[in-house]
Amino acid sequence: MNSPTAAQVPERDHCFLRAHPRPDARLTLYCLPHAGGGASAYRDWSCGLPDWITVAAVQLPGRENRMRERPGINLDVIAAEILAEQGDRPFVLFGHSNGALLAFELARLLAEGGSSPVYLGVSGAPHPSLAVPRRAVSGLNDSALLAWLVEQGGVSDDLLARPELLELMFPALRADMAWLEAYRYRRRPPLDCPVSAFVGEEDRRVLAQELAGWSEETMGVFRQRHYSGGHFYLAEHLPALLGDIAEDLSDLGF
């Protein structure tokens, strides 16, 4: 892992959002957002998890409290910030959609440096070898990008009614999609931590066989969990999802 310079590293308070800090928790759950999303997507997670888990949502540049920064993804910086916080304490990675791929590559990066997560949760994402989008969208103009978002089911009616917020979101979304469009999966030794894959049963982006491919990425236990709903099933089934994650972590002895 390359060591980032001081100028590259944001203040830690900006890099992670903790809606309900738990300094005495035994385990930290780091969450990576979907494309264009911010850390606030995970603001309610602590309320649904046992008190031995604390949630730290990763805030990528160019959104929410980091809006003034240039959007982009630098996994070396995120890894360095996690290591600076955690030291030798155990931690977990979770990501939804594009965040699942970020969490996976972050787990690989940290494991190569000898600091593997104890668990990886990937949600709403096919196996990384199938992750490159069928259509390049990062270069689309605003109206075409919005039409693509609506087609994907990635924008709520409330957000559609507030075009000024959509306009603020587009730079981060383009940066995330550009990263995804440039991504190429490379086979490496599997992780030694358990992996759980989560999906909505009506998610048109992720077929069952594509989800099962994640089993190739771990030498540990692999689980699939399905919920009713589409790509953003989390909105309807958050208590069930958090209960399943807590169960998986309890099975590891935490």
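The values are calculated or read from the model by the stated rules, or taken from the named source; none is laboratory data. The structure displayed is predicted, hence computed values, not measured ones. Glycine also receives a Cβ, built like all others from the backbone with ideal geometry; neighbour counts cover every protein chain displayed. Only protein heavy atoms, including side chains, enter the accessible area calculation; ligands, DNA and RNA are left aside. Shrake-Rupley method; radii C 1.70, N 1.55, O 1.52, S 1.80 Å.
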**Fill in**
If N is the residue count of the stretch 111-238, its Cα Rg over 2.2 N^0.38 Å rounds to 1.19
**Request:** Take the stretch 16-80, compute every pairwise Cα distance, and split them into 5 Å bins from 0; I just need the percent in each bin.
**Result:** 4, 18, 27, 23, 15, 10, 3, 0
**Request:** Output the direction-averaged projected area (hull surface divided by four) of the convex hull of the alpha-carbon atoms of the chain, in nm².
**Result:** 12.8
**Message:** Per residue of the stretch 29-42, what does 6.51 cos²θ - 1.76 cosθ + 1.60 with θ = phi - 60° give for ³J(HN,Hα)? Whole Hz please, x for Gly and Pro, Karplus curve as stated.
**Reply:** 9, 8, 10, 9, x, 5, 4, x, x, x, 5, 5, 4, 10
**Fill in**
Residue-ordered couplings for the stretch 177-183, obtained by feeding phi - 60° into the Karplus form 6.51 cos²θ - 1.76 cosθ + 1.60 and rounding to whole Hz (Gly and Pro as x), are 5, 5, 4, 5, 5, 8, 5
**Asked** For the stretch 181-251, what does the equivalent ellipsoid look like in terms of its semi-axes, each the square root of 5 times an eigenvalue of the Cα gyration tensor, given largest first in whole Å?
**Response** 22, 18, 10
**Item:** Whole-number accessible area per residue in Å² for the chain, which is evaluated in the context of all protein chains at 1.4 Å
**Value:** 47
**Message:** Using a 1.4 Å probe on the protein heavy atoms, what percent of the accessible area of the stretch 20-63 belongs to carbon and sulfur?
**Reply:** 48
**Request:** Please state, rounded to one decimal and in Å, the Kirkwood hydrodynamic radius that the stretch 26-129 gives when every pair of distinct Cα atoms enters the mean of 1/r.
**Result:** 13.9
**Cβ-placed point charges (K, R +1; D, E -1), dipole of the chain about Cα centre in debye, nearest 20** = 560
**Prompt:** If you roll a 1.4 Å probe over the stretch 153-220 with all protein chains in place, what percent of the accessible area is carbon or sulfur?
**Reply:** 53
**Complete:** About its Cα centre, the stretch 152-236 carries a charge dipole, from +1 on Lys and Arg Cβ atoms and -1 on Asp and Glu Cβ atoms, whose size in debye to the nearest 20 is 460
**Message:** Take Asn65 and Arg186, extend 7 Å from each Cα along the Cα→Cβ direction, and tell me the distance between the two endpoints in nm.
**Reply:** 3.4
**Message:** I need the peptides 99-106, 72-79 ranked by packing, meaning the mean over residues of other C-beta atoms within 10 angstrom, with the highest value on top.
**Reply:** 99-106, 72-79
**Item:** Principal semi-axes in Å for the stretch 208-248 [√(5λ), Cα gyration tensor, largest first]
**Value:** 21, 15, 6
**Item:** Virtual paramagnetic centre 7 Å along Cα→Cβ of Cys47, amide N under 12 Å, in the stretch 225-254
**Value:** 239
**Prompt:** For the stretch 195-200, in order, what is each residue's ³J(HN,Hα) by Karplus, 6.51 cos²θ - 1.76 cosθ + 1.60 with θ = phi - 60°, in whole Hz (x at glycine and Pro)?
**Reply:** 10, 10, 10, 10, 7, x
**Message:** If amide hydrogens are placed 1.01 Å from N in the peptide plane, which non-local residues have theirs closer than 5 Å to the one on Ser97?
**Reply:** Ser123, Gly124, Ala125
**Request:** Let me have the relative contact order for the chain, percent, based on Cα pairs under 8 Å that are six or more residues apart.
**Result:** 19
**Message:** Please report the spacing between the Cα centers of the stretch 98-151 and the stretch 194-215 in Å, no decimals.
**Reply:** 13
